[in-house]
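Everything below concerns the one structure shown next.
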Amino acid sequence: MTSPEACKTLTKPKLLMTRVLSPATIDRARRDYDLDLNEADVPFTPEELIARAAGKDALLVTLADRFSADVIAKLDRSVKVIATYSVGHEHIDLQAAKARGIRVAYTPDAVTVATAEIGFLLILGAARRASEGERLLRAKAWHGWQPMQLIGRRLDGKKLGIYGMGKIGQAIAKRARGFDMDIHYFNRRPLVAAAARGATYHATLDSLLAVTDILCIAAPSTPETRGSIDAAALAKLKPGAIVTNIARGDLVVDGDLIAAVKSGHIAHIGLDVYTNEPNIHPGYYDLENAFLLPHMGTSVIEARDEMGRDALDNIDAVLAGREPPTALV
Ligand code: DGY
């Protein structure tokens with residue numbers, strides 16, 4: 001005879017969690033679902049993903065899981081929803097999911113503050129040469145205070161060019177106001193005055209780049225934005241400009257950015273995201289004046305718990321026949 005506990009498990013919807021998420025997220029998932037957790041915490045190959053998704057009602061996935069049209073076509077018919085634990089969703093072919101009748105949802109609200117904080121760390125880290133200073137100290141090569149050592153830039157009065165004024169761009173702008181920066185932005189559409197709060201709108205990326213002292217890339221990866229920060233775009237920045245990226249690596253043409261730093265046209269860079277993570281362009285490792293972080297924009301427990309909460313809320317809604325709060329398709 002089946003025990004009541006086993007019966008309860010059998011009746012729970014089946015959920016695949018493709019990576020080890022925060023303890024609160026795992027606890028809730030175990031409570032409400034028959035959970036298949038990727039305890040190894042190593043990204044699945046497409047074949048493994050398809051195999052582990054078999055028989056599951058819902059998939060709680062991350063940006064490391066590639067849902068191409070081919071993978072989606074091969075998913076078991078049992079799969080009703082893919083909830084990604086991210087705001088970025090370029091790893092999922094939304095049209096293919098829609099065509100298969102699979103709902104897709106993301107976590108756009110949970111990541112804003114954490115990502116904006118790292119965005120500001122990149123701005124400060126690049127402008128004040130934080131990693132160069134730390135390397136000098138740790139190498140035991142610091143011989144004491146020196147007037148002209150590691151000279152950086154102040155932020156006040158500088159023009160901060162925000163490329164992509166969504167939630168994260170606006171949160172960056174809010175922090176920049178506290179540093180007395182002059183805020184400019186490029187977006188598909190201007191914000192309403194209450195949201196822009198005095199920031200200057202540019203109708204084209206070129207127009208933004210021409211005035212920018214410090215560029216903050218905060219736009220999503222789309223066919224329109226990919227590769228948009230190339231040699232021609234970088235040449236439009238003022239000599240000595242700073243470039244930071246908290247969005248996605250593929251907005252930048254790495255070779256062009258590295259060449260612009262080497263030529264001195266770009267003075268410093270601060271990056272948290274890269275094309276082809278974790279196998280980033282090797283040229284970055286050799287740049288002294290680069291403040292480089294390993295895609296940790298949302299790496300705080302508050303964001304991780306909220307991302308898990310929002311992802312599970314989306315899954316709960318789809319499986320209960322309700323509209324998911326933050327649906328993509
Ligand atoms: C996102 O949410 O897209 C971040 O890059 C990872 O949390």
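Laboratory data are not the source of any read-out in this text; all were calculated from the coordinates shown. This is a predicted model, so every value here is computed, not measured. Please note: Cβ atoms are built from the backbone with ideal geometry, for glycine as well, and neighbour counts cover all protein chains shown.
Among 168-181, 89-102, sorting by the average number of other beta carbon atoms lying within 10 angstrom of each residue, highest first, gives 168-181, 89-102. Close amide H partners of V329, meaning residues 5 or more places away or on another chain with modelled amide H under 5 Å apart, are V104. With contributions of -39500 (n - 2.57) from each DSSP H run of at least four residues, the per-residue ellipticity at 222 nm computed over the chain stands at -10500 deg cm²/dmol.
Semi-axes of the equivalent ellipsoid for the range 112-292, computed as √(5λ) from the eigenvalues of its C-alpha gyration tensor and ordered from largest down, come to 26, 19, 15 Å. Packing order of peptides 249-258, 149-158, highest average first: 249-258, 149-158 (average count of other Cβ atoms within 10 Å over each peptide's residues). Taking a sphere under 13 Å around the Cβ of L237 and counting the other residues whose Cβ falls inside, with K and R at +1 and D and E at -1, yields a net charge of 0.
The local environment of D156, defined by Cβ-Cβ distances under 14 Å, has a net charge of +4 under the rule Lys, Arg +1 and Asp, Glu -1.
Along each principal axis, taking the top coordinate minus the bottom one, the Cα set of the range 20-100 gives 32, 25, 21 Å in descending order. Just to verify a number: FRET efficiency for E224 and E47, C-beta to C-beta distance, R0 = 35 Å, to 0.05? FRET efficiency, E224 to E47: 0.65.
Between the range 219-289 and the range 34-55, the C-alpha centres lie 33 angstrom from each other. Note on the chain: dipole from Cβ charges, positive end direction compared against L319, G157, G133; the farthest Cα belongs to G157. Considering only L191, T25, L37, and ranking their Cα positions along the charge dipole of the chain that arises from unit charges at the beta-carbon of Lys, Arg, Asp and Glu, the one farthest toward the positive end is L191. Between T62, T11, T115, where does the largest GNM mean-square fluctuation fall for the chain, given springs only between Cα atoms within less than 10 Å? Evaluated over the chain, the most mobile residue of the options is T11. Rounded to whole numbers, the Karplus 3J(HN,Hα) couplings from phi for the range 18-24 are 7, 9, 7, 9, 5, x, 5 Hz, using 6.51 cos²θ - 1.76 cosθ + 1.60 with θ = phi - 60°, and x at Gly and Pro. Modelled this way, with points 7 Å down the Cα-to-C-beta line, the labels at A210 and R322 are 5.0 nm from one another.
Note on the chain: with charges restricted to the Cβ of Lys and Arg (+1) and Asp and Glu (-1), its dipole about the Cα centre is near 640 debye. Each Cα pair of the range 30-163 feeds into the Kirkwood radius, which the Stokes-Einstein equation turns, at 4 °C and 1.567 mPa s, into a diffusion coefficient of 69 µm²/s.
Amide H to amide H distances under 5 Å link M17 with D36, L37, N38, L60, where only residues 5 or more positions off or on other chains count and H is placed in the peptide plane.
From least to most packed, judged by other beta carbons within 10 angstrom and beginning with the fewest, R52, R188 follow the order R188, R52. Volume per residue for the chain equals 161 cubic angstrom (convex hull of Cα atoms).
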